[in-house]
Each structure stands twice: as C-alpha cells, then as structure tokens.
C-alpha cells in the first residue's frame with residue numbers, strides 16, 4: 001500500500017547559501033492573490049501564533065484553532081530560561097556557524113544540518129522582531145540587551161525576560177495575532193479541538209473539530225493546514241507539560257498518512273521537584289541554572305534515612321563531581337538525569353518517598369552569602385518552598401528528573417511539509433532541528449523560527465501551484481465521512497460504561513512508558529512494553545468510564561480520546577526505541593554504553609531519521625529511513641570527563 | 001486530613017446553579033489544591049457521578065487558566081499565588097471550604113467552576129499590541145531601553161490574564177488587567193507611536209464589559225503576580241492625556 005518516498009528537499013550549494021537560494025527559487029503568490037487562499041493553523045503556542053500572525057500580515061485568510069479559552073495560554077508560556085540567538089553581542093566568539101555547530105553536536109548528530117543552519121541564521125531576526133513587539137527582555141544599565149550563558153554553552157547567547165521568557169515571547173506573538181484578529185484577517189476559534197485531518201486525493205484539504213463548550217462537530221476546509229500542536233511528553237502522565245498537552249492532532253495526522261519520526265527521542269530534564277504522592281498531577285521544572293551553584297549528592301549508604309544535616313560530609317556521595325571531575329554538577333541534561341536514576345535505583349534516594357537526590361546550596365551560601373544566592377535564585381527558592389513547604393536556604397532541595405520535551409514528531413521536509421501534501425508541522429510538533437537531544441533555550445528559538453521566518457516563505461511555494469483551485473466544500477463526502485467517524489468514536493467512548501476514570505488509565509500507561517521507555521531502555525524492557533501496553537489498552541477500552549453527555553462541556557470525553565492516542569503512540573515509541581540499537585542523546589540503550597557507562601552511538605548503522613508509516617490499527621508501522629549526511633560537522637563521541 | 005467541600009455546580013450557562021457538598025477524606029498536606037479536586041473527581045467518577053468541571057493547564061502559576069473563589073477569596077488564602085500553586089498545607093483537618101467560580105457579569109459561567117473570560121481577549125484585540133509586521137523590525141539594539149524602564153515594563157507584563165482582579169473587585173472592574181497591559185506597552189519606546197490611540201481604545205473596550213473602578217484595591221491583593229494598582233493611576237493619566245493629545249494629532253492629519 002505504501003508509496004511514500006522520503007524527499008527532504010534539501011537545497012544544494014554551500015550551507016550558508018542554501019536558505020537564501022531556496023527563498024529565491026521558491027514561487028511567490030501575488031499580493032492580490034494571497035486573499036484567495038485559506039490557511040488553517042492549529043495551536044497557538046509560539047509556532048502557531050507567530051505563523052498565523054505572519055501569514056495574515058501577508059494577506060492570506062487564516063483560521064486559527066485552539067483548545068484553550070485564549071490563545072495566550074499555550075504551554076510555550078511556561079518556558080523559563082531563555083531564547084538563543086547568534087547575535088554575538090558579547091564579543092565572545094559566537095556566530096551563526098557556532099550556534100549551528102553546537103546544535104548539531106548537542107543533538108548528538110541525529111538532526112539535519114541544513115535545517116539547523118537555517119535555524120541559527122534566522123535566530124538573529126527573531127530577537128529583532130520580539131524587541132520591536134515590546135518583549136521586555138532583560139537589559140543592561142546602558143539600555144542594551146543582556147545575555148547569559150545557558151545549559152553549559154561556552155558563549156553567552158541566551159536572551160531572557162526574568163524567569164518568564166516563554167511567557168513574554170508568547171504574549172508578543174499572541175498580541176500580533178490579536179492585531180490580525182482585530183483587522184479581520186484571522187478568524188479565531190477558541191475552545192475548539194482538532195480531532196481529524198481530512199485528506200482528499202492524497203492532499204490535505206481541511207480538518208474536523210469539536211467545540212469544547214457545546215460539543216458540536218464541524219468541518220473546516222483550507223488550501224493548507226499547519227499543525228503547531230506541541231510535543232507528547234504527557235504520554236508519561238507525569239511530565240513538566242501542562243495538563244492539556246497532548247499528541248492527538250499530530251497522531252491523527254499520522255493515521256492519515258503523515259510519517260512520525262524518531263518517537264523515542266524524548267528529553268528528560270534533571271532538575272524537577274520529585275513527585276510527592278500517587279495523586280501528583282504534574283511535575284514542576286526548576287531552571288537548570290541551579291546547577292551552577294548547587295552541589296548534587298546522596299548518602300553513601302543504601303537506605304540511609306537520616307536528615308541531611310545529620311549525614312556527615314564523609315558519608316555523602318557527590319556522585320557527579322566524583323565521576324565527572326571536569327564538568328562536575330554541570331554535565332549535560334541526559335548525563336545528570338541518568339546518574340540520578342542510577343543512585344535512586346540503588347536505594348540511595350532521599351526524601352519521604354526516597355525518589356530524589358539532594359541539590360545542596362550550603363557551600364554556595366557559605367561562599368557567596370545568603371544575599372547573593374537570593375539574588376540569583378530567589379524566585380526559584382520561593383517556588384520550591386511553596387510546593388514542598390521546605391526552605392532551601394536551610395535544607396537541601398530535593399530534585400529528580402522528569403520528561404519535559406520531545407525531539408521526535410511529525411516528519412517534515414526542509415519546507416516543514418509532512419508526507420501529506422498541504423499538511424505542515426511546526427515547532428515541537430515536528431522532528432527536524434534538535435536531533436536526539438535539544439540544547440537549553442533552543443525550543444523557543446525553533447518555534448518562532450518556524451512561525452515567523454520559515455513558513456511564510458515555504459507555504460507560498462506550495463500555494464502558488466494551487467492558484468484558481470477552490471477549497472474542498474465541507475459537504476464533500478470526505479468531510480461528512482470524517483465527521484461521522486468522529487461521532488461514532490465519541491458514541492463508542494460514551495457507551496463503554498466501565499468502572500475506572502480516564503486518569504486512572506493514563507497514570508497506569510505513564511508508569512509503563514516511564515519504566516520501559518524512560519531514561520534508560522533495554523531490549524527486555526521494551527519487549528515487555530510492547531506486550532503490556534496493548535494489554536492495558538485493551539482493558540482501558542473495555543473498562544474506562546466516561547460520564548455525562550457528548551453535548552456541552554465534558555472534560556472526561558476530551559481526555560479519553562487523547563489518552564487513546566497516547567496508547568498508540570506509546571507503542572510506537574517502544575518499537576522505535578527497540579529498533580534503535582545505539583545510545584544517542586536522550587535515547588539511552590543500556591546494552592550500548594562504554595565501559596564508563598557513557599552513551600555509545602553507532603553512526604555506521606543508525607545515522608538516519610526513523611520515519612514510521614501508519615499501516616492500520618492492528619499492523620505495526622512500517623519503517624522508512626532518511627539517511628543523515630554530515631558535510632560540515634564531523635560526528636565525534638561526546639565526553640564530559 | 002479530612003475536609004468538607006461546598007462546591008458550586010451549574011450544568012450550563014443558562015441552568016440554575018446550586019452548592020453541593022462533598023467529603024474529602026485522606027487529603028495530604030503536600031497535595032496542591034487542584035490535585036485535591038482531582039482526587040474528589042476520581043471518587044465521583046467511581047461513584048457514577050459527574051466530576052466537577054474546572055479549568056487548569058500549566059499548574060505552575062503562569063498560564064492563567066485556573067482560578068476559583070476559595071472561601072470568598074480569588075485564588076484562595078495565599079498571597080501572590082494562583083489556585084494551582086496553592087497547597088493543602090494552607091488548610092486544617094475538619095475545615096469546610098467553599099469553592100465558587102469567578103464572580104463577574106463579564107465572566108459568565110460555562111459549567112460548574114469554568115467561566116468565559118473572552119472579554120479579556122477583546123481588550124487586547126482593541127489595541128494591546130505594537131503594530132510591527134514580521135520582518136519589518138529594526139536591529140534589536142538600535143533603540144536602547146533604560147534598565148528601569150524595561151524592568152517596570154516587565155513588572156506590568158507579568159500579568160497572566162487569569163481574571164482574579166475582576167473576580168475580587170466589588171465592582172467587577174477590569175482596570176488592573178487593562179492597566180498592566182497598557183503600562184507594559186506604553187512604557188517602552190517601541191510602544192510610543194500607538195500610545196494614545198491604544199489607551200483610548202483599550203479603556204473604552206474595557207468599559208463595555210466591566211464595571212467601574214472605585215479604588216478598593218482588592219485587585220492588587222488578589223493578583224497572583226502582585227501587580228500594583230499604581231499602574232491604574234498611570235492608565236488614568238494616559239487616558240486623560242490621550243483624550244487631548246489624540247485629538248490634536250488627528251487634527252494635524254485631517255486639517
């Protein structure tokens with residue numbers, strides 16, 4: 001049945017000219033013709049809001065859909081640290097080439113060089129755009145923009161707005177979007193969830209949505225559809241993502257023919273507050289900057305339940321400083337996370353549930369004084385105290401890793417188009433720029449790069465070929481059938497009449513995915529996942545209880561469809577992780593490590609993007625490989641010793 | 001601890017509402033307030049009763065999606081804290097807690113504790129932006145912004161748009177929300193070109209939906225980001241000036 005061929009459409013020529021040449025070679029749409037085209041944007045995070053605003057400014061007719069009550073609430077808002085850009089304002093040797101190089105290397109050589117180079121190129125325009133919109137970035141006394149170094153980068157290229165950079169960038173994009181709403185060029189549908197992508201004759205022609213307030217199902221047609229719907233960390237149930245983050249839009253696109261790439265590439269953030277009980281609903285991330293001054297340790301003895309102050313210095317194991325003398329507590333995210341898991345699994349975890357490690361500031365307080373520590377981390381300490389009730393100036397913090405970003409996503413070509421013509425994926429929803437591991441402060445950069453500076457060019461090239469073609473009317477059988485299928489699906493969930501809540505099954509699924517496809521994976525565990533996930537899914541489909549009616553607000557109904565999609569995605573993650581017999585970035589296969597316990601990549605066999613094609617519900621997806629070619633950055637093994 | 005909850009239940013925007021009482025046994029101190037409601041909901045579902053509808057998303061106090069009246073206080077007893085960051089340590093065994101949706105004519109109830117806050121978006125749509133098309137921006141460091149100005153703009157921009165200020169106000173006024181956005185943009189050099197027009201449009205749109213400000217100051221107390229009412233004074237001053245200046249500017253364009 002498959003006719004998919006993966007063509008990444010990477011332009012030729014020297015890497016620094018590729019995007020410019022490509023922009024010139026793409027077809028344009030005459031300004032008067034732009035209003036003849038309709039574009040649907042799903043999601044209003046950084047990628048969606050920036051794309052919708054930019055396309056509307058160009059003159060396209062844009063329809064925007066979000067399940068939130070306002071576009072301003074998307075989870076981009078929660079990013080704390082900052083946004084990278086190769087401005088070299090510090091005169092410290094940064095350049096587009098260095099940001100490109102760091103991103104390819106940081107991604108452990110599993111991303112596309114050309115995409116990453118373009119990302120580094122447009123990073124500088126993003127800062128200009130955001131400043132002009134009124135984003136209140138941190139400034140120096142001279143009035144110019146401040147920068148900091150972030151996540152172990154050797155240059156200071158991170159722009160930030162206190163600990164709320166994501167919020168301020170999102171508000172900038174949201175305000176640009178609302179201006180277009182006011183101008184009548186964008187039609188905004190809030191509290192509306194996309195539940196299917198509609199394809200006619202192999203081309204994407206629209207979507208089917210459910211109004212979350214009334215329960216009404218409707219179809220919307222367009223010449224192009226942009227999915228800007230974020231990542232899938234909530235497949236783990238506990239993650240730093242917001243409660244409503246889900247994979248449904250991307251997953252349903254996958255089922256309609258869009259290939260899903262590198263699903264096993266997930267990122268675990270080392271500094272989150274550990275879960276406190278069974279009913280923990282999400283985990284809170286604390287900025288990685290804490291590792292600059294905090295020292296990480298656990299007791300040397302297994303099962304040591306003494307209070308931290310009662311454990312003498314010689315009975316503490318500062319395991320990162322011991323194992324990685326050069327980088328110490330500043331080793332990369334994946335290394336810090338895996339080591340925390342190791343000591344907790346050994347039975348040396350701390351806290352009431354023995355599920356954390358200490359992050360201790362007592363040395364920093366002695367060296368710098370409370371005041372300096374307060375200036376640097378005061379807001380984070382306050383946040384920690386509000387959640388745990390413990391004062392980190394007096395008692396060491398407890399931290400543990402949690403999932404917070406997914407590098408995998410819908411496969412897209414250089415133009416951000418999926419394998420379904422007319423269907424695009426932007427931001428975290430696509431797979432393209434971060435390889436197997438994302439650098440700190442690069443998620444905001446990618447979302448805005450895609451929305452402000454890539455899609456406005458590439459979508460025009462596609463639309464230019466459709467001039468004069470009307471959209472498919474929403475009473476066409478492709479739409480009415482898709483609506484009917486959705487109504488049937490909803491009726492099915494409403495009539496299961498089981499005994500347990502959706503959350504119960506989501507929590508159980510999350511435990512399986514975390515145990516078998518979390519920070520460390522091995523063949524035995526992944527094979528178990530592949531038998532236990534379908535078994536749990538079968539129980540879920542038989543025993544879940546969704547009360548209420550399909551009309552009006554029904555939060556259980558919203559969740560049940562999302563969790564059903566997570567079940568299918570979880571299986572694909574395990575299959576992808578099992579196939580990838582190497583360790584790279586966020587993907588650590590226990591069987592593939594060096595004698596020192598470091599990740600061992602296998603460039604000979606696995607230097608490719610794994611893109612999976614849906615084969616129907618009861619048949620495993622089929623694997624397609626996009627080979628990765630490194631012409632500029634020579635792959636090397638990372639070492640932080 | 002064991003708690004008793006009195007929760008506002010309302011089936012739809014036009015349905016009459018009522019309080020229902022639920023027991024919440026086994027509440028742990030370390031739970032967040034919304035996790036406590038999650039547990040109550042799981043029990044309701046297992047007992048075959050419809051769970052309580054409430055809004056929440058990020059659960060770390062930044063998205064502004066959550067917010068309920070807890071014992072008559074917007075976002076509950078802790079200062080500078082959104083409902084999702086409130087933890088059960090704030091309560092004691094045996095407490096009776098009353099939970100209601102935001103109370104304001106501009107925020108009609110959709111269901112139970114969920115309200116419609118689209119009036120806030122309407123205010124932003126009226127002018128809460130700086131008009132700059134993508135690609136048209138000058139180099140970022142071309143216009144220096146004095147640090148105190150950038151800091152003050154950031155103080156105002158910290159607003160999460162939750163609507164607690166409106167819910168806490170005896171008049172259901174939207175002043176603090178509107179003033180915060182105006183201060184954010186009006187303080188910055190980039191925001192000057194549209195300053196007077198923005199102020200007039202946003203204030204007048206606000207007045208279509210919300211009540212009048214009589215300086216109670218409840219909004220500032222309820223604000224999870226502790227945005228000060230000083231910004232309201234700035235807004236009022238700008239609005240007066242706009243009424244004069246804007247007309248003069250228009251006079252130059254259309255003699």
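The values are calculated or read from the model by the stated rules, or taken from the named source; none is laboratory data. The structure displayed is predicted, hence computed values, not measured ones. Note that each Cβ is placed from the backbone with ideal geometry, even for glycine, and that neighbours are counted across all protein chains shown.
Return the only residue of B:150, B:136 being outside any loop (DSSP other than H, G, I, E, B), facing chain A (nearest Cβ under 8 Å), farther than 30 Å from residue A:551 by Cα and out of contact with any helix residue (DSSP H, G or I) (no Cβ under 7 Å at 6 or more places or on another chain).
Exactly one of B:150, B:136 is outside any loop (DSSP other than H, G, I, E, B), facing chain A (nearest Cβ under 8 Å), farther than 30 Å from residue A:551 by Cα and out of contact with any helix residue (DSSP H, G or I) (no Cβ under 7 Å at 6 or more places or on another chain), namely B:150.
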- request: Tell me the strands (runs of 3 or more DSSP E) entirely within the stretch B:1-115 that contain at least 2 residues that are touching a helix residue (DSSP H, G or I) at 6+ places or on another chain (Cβ under 7 Å).
  value: B:18-24
- request: For residues that are over 22 Å from the mean Cα position of the chain (by Cα) and outside any loop (DSSP other than H, G, I, E, B), scanning just the stretch A:75-102, find the one that is nearest to the other protein chains (Cβ to nearest Cβ).
  value: A:96
statement: Within the stretch A:54-74, of all residues that are facing chain B (nearest Cβ under 8 Å) and farther than 18 Å from residue B:121 by Cβ, the one nearest to the chain's Cα centre (by Cα) is A:54
message: I need the full set of residues from the stretch A:350-401 which are within 21 Å of residue A:268 (Cα to Cα), away from every other protein chain (no Cβ under 12 Å) and surrounded by fewer than 18 Cβ atoms within 10 Å (Cβ to Cβ), in order please.
response: A:354, A:355
message: Being surrounded by fewer than 22 Cβ atoms within 10 Å (Cβ to Cβ), closer than 26 Å to residue A:123 by Cα and within 14 Å of another protein chain (Cβ to nearest Cβ) narrows it down to one residue among A:215, A:163, A:184; which is it?
response: A:163
- request: Restrict the check to the stretch A:523-544 and report whether at least one residue is in contact with a strand residue (DSSP E or B) (Cβ under 8 Å, 6 or more places away or on another chain), assigned by TED's automatic domain parsing to the domain that holds residue A:587, surrounded by 18 or more Cβ atoms within 10 Å (Cβ to Cβ) and under 30 Å from residue B:111 (Cα atoms).
  value: yes
Looking only at the stretch A:469-499, and only at residues there that are part of a loop (DSSP other than H, G, I, E, B) and in contact (Cβ under 8 Å) with a residue 60 or more places away in the chain, the one that is surrounded by the most Cβ atoms within 10 Å (Cβ to Cβ): A:472
message: Taking the condition of being in contact (Cβ under 8 Å) with a residue 60 or more places away in the chain and more than 7 Å from chain A (Cβ to nearest Cβ), how many residues in the stretch B:38-54 meet it?
response: 2
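The rows are residues; the columns are (1) under 26 Å from residue B:181 (Cβ atoms); (2) under 24 Å from the mean Cα position of the chain (by Cα).
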| position | (1), (2) |
| --- | --- |
| A:216 | no, no |
| A:221 | no, no |
| A:244 | yes, yes |
| A:268 | no, yes |
- request: Could you tell me which of the residues A:562, A:537, A:542 is more than 30 Å from residue A:591 (Cα to Cα), away from every other protein chain (no Cβ under 14 Å) and in a helix (DSSP H, G or I)?
  value: A:542
- prompt: Is there a residue in the stretch B:9-32 that is without any contact (Cβ under 8 Å) to a residue 24 or more places away in the chain and crowded, with 22+ Cβ neighbours inside 10 Å?
  reply: no
message: Given (1) under 30 Å from residue A:291 (Cα atoms); (2) surrounded by 19 or more Cβ atoms within 10 Å (Cβ to Cβ), identify the lone condition not met by residue A:176.
response: (1)
field: Complete set of residues in the stretch A:598-616 that are in a loop (DSSP other than H, G, I, E, B) and without any contact (Cβ under 8 Å) to a residue 40 or more places away in the chain
entry: A:600, A:602, A:616
task: Kindly indicate whether residue B:57 is surrounded by 15 or more Cβ atoms within 10 Å (Cβ to Cβ), within 14 Å of chain A (Cβ to nearest Cβ) and free of Cβ contacts under 8 Å to residues at least 24 places away in the same chain.
output: yes
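Please verify whether residue B:65 is within 11 Å of chain A (Cβ to nearest Cβ), surrounded by fewer than 23 Cβ atoms within 10 Å (Cβ to Cβ), within 13 Å of the chain's Cα centre (by Cα) and within 25 Å of residue B:123 (Cβ to Cβ), treating the condition exactly as stated. Step through it out loud before you land on a result.
Values: within 11 Å of chain A (Cβ to nearest Cβ): yes; surrounded by fewer than 23 Cβ atoms within 10 Å (Cβ to Cβ): no; within 13 Å of the chain's Cα centre (by Cα): yes; within 25 Å of residue B:123 (Cβ to Cβ): yes.
So residue B:65 does not fit the description; no.
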- prompt: Restricting the search to the stretch B:115-133, which residues are farther than 19 Å from residue B:182 by Cβ, within 8 Å of another protein chain (Cβ to nearest Cβ) and under 13 Å from the mean Cα position of the chain (by Cα)?
  reply: B:116, B:118
- request: Evaluate the stretch A:439-457: report whether one residue or more is over 23 Å from the mean Cα position of the chain (by Cα) and outside the structural domain of residue A:560 (by TED's automatic domain parsing).
  value: yes
